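Peer 1: After the structure tokens below, expect a handful of questions from me.
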Amino acid sequence: MYIIKKTVNRKLDLFDKEWDKANVAEVTCINWEEFPYAPYTTAKILYNDYGIWVQMQTDEKDIIARCTTQNGPVSCDSCMEFFFRPNENDPHYLNFEFNPLTTMYHAVRTDRFNFKNPEVKNSFFDIQSYVEEGNWILQYCIPFTYIDSHFGSHTKTMYGNLYKVREDADVKHFVSYAPIDCPNPDFHRPESFVEFVLE
């Protein structure tokens with residue numbers, strides 16, 4: 001279980017001291033032995049009355065950032081992802097993927113094959129990215145109004161998983177926060193989601 005703490009700050013920046021109060025989720029599960037590389041990746045999540053704020057950080061070396069098309073193949077680049085069901089009574093989940101250029105892939109899904117890509121611009125999610133050698137920080141905000149427009153409402157207990165991936169590289173990797181039990185790399189496994197609870 002990951003406890004999402006509340007902040008009174010209306011807006012958060014990448015290096016805001018408020019992030020010090022957030023719990024740290026280590027995205028370190030190697031689920032497939034043939035892909036052992038796991039750059040050290042962490043996530044922090046906070047919420048306020050406006051929405052859910054997500055920050056992820058990785059020490060991945062040789063960062064790749066090529067995709068500039070929204071809903072393009074960002075997972076072929078260096079990519080950090082968050083999939084979550086914001087309403088525990090609804091099987092649909094939100095699929096967020098970002099590369100270091102803040103290019104986003106976003107969908108509402110029930111599984112890998114059944115989804116839609118909402119028409120919403122990257123800027124709506126206040127995406128921030130900072131890259132230096134051996135360090136990439138990503139941050140974005142998911143407004144509750146946006147969540148509720150798709151799910152009717154959100155619940156205190158949500159379900160999700162966090163991922164670090166790069167599909168197009170000499171050293172591919174597929175790393176998660178909660179373990180995934182399936183024979184081949186596949187993040188679209190809602191049965192592997194764990195609790196994310198608003199404090």
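Peer 1: Filter the range 1-15 down to the residues that are under 19 Å from the mean Cα position of the chain (by Cα) and in a loop (DSSP other than H, G, I, E, B) and list them by number. So that I can check it myself, show each step before the final result.
Peer 2: Our first condition is that a residue be under 19 Å from the mean Cα position of the chain (by Cα); within the range 1-15, this holds for 1-6, 11-15.
Passing the criteria: Met1, Lys11, Leu12, Asp13, Leu14, Phe15.
Peer 1: Report yes if some residue within the range 127-140 is more than 25 Å from Thr69 (Cβ to Cβ) and either under 15 Å from the mean Cα position of the chain (by Cα) or β-branched (Val, Ile, Thr) (or both); otherwise report no.
Peer 2: no
Peer 1: So, one more: On the basis of being closer than 26 Å to Ala65 by Cβ and out of contact with any Leu (no Cβ under 7 Å at 6 or more places or on another chain), does Pro143 make the cut?
Peer 2: yes
Peer 1: A follow-up question, please. Mind checking which residues of the range 16-46 are closer than 22 Å to Ser129 by Cα and in contact (Cβ under 8 Å) with a residue 60 or more places away in the chain? Spell out the reasoning first.
Peer 2: Let us first name the residues in the range 16-46 that are closer than 22 Å to Ser129 by Cα, namely 16-28, 38-46.
Scanning the range 16-46 gives Ala25, Glu26, Val27, Thr28, Ala38, Pro39, Thr41, Ala43, Ile45.
Peer 1: Further question: Sort out for me the strands (runs of 3 or more DSSP E) sitting completely within the range 112-199 that have 2 or more residues that are open to solvent by less than 30 Å² (accessible area, probe 1.4 Å).
Peer 2: 135-143, 157-166, 173-176, 194-198
Peer 1: Out of (1) modelled with pLDDT of 95 or more; (2) out of contact with any helix residue (DSSP H, G or I) (no Cβ under 9 Å at 6 or more places or on another chain); (3) part of a loop (DSSP other than H, G, I, E, B); (4) not β-branched (Val, Ile, Thr), what's the single condition that is false for Asn95?
Peer 2: (3)
Peer 1: Checking Phe84 against (1) at pLDDT 95 or above; (2) closer than 14 Å to Val165 by Cβ; (3) of a type outside the set (S, T, N, Q), which single condition isn't satisfied?
Peer 2: In the conditions (1) at pLDDT 95 or above; (2) closer than 14 Å to Val165 by Cβ; (3) of a type outside the set (S, T, N, Q), Phe84 misses (2) alone.
Peer 1: Working only within the range 47-63, note down all residues that are under 21 Å from Pro100 (Cα atoms) and either assigned to a strand (DSSP E or B) or not β-branched (Val, Ile, Thr) (or both). Steps first, answer last, please.
Peer 2: Step one: of the range 47-63, the residues under 21 Å from Pro100 (Cα atoms) are 52-63.
Result: Ile52, Trp53, Val54, Gln55, Met56, Gln57, Thr58, Asp59, Glu60, Lys61, Asp62.
The values are calculated or read from the model by the stated rules, or taken from the named source; none is laboratory data. All of these numbers come straight from a predicted model, not from anything done at the bench. Please note: Cβ atoms are built from the backbone with ideal geometry, for glycine as well, and neighbour counts cover all protein chains shown. Areas reflect the complete protein model, heavy atoms only, side chains present, ligands, DNA and RNA absent. Shrake-Rupley method; radii C 1.70, N 1.55, O 1.52, S 1.80 Å.
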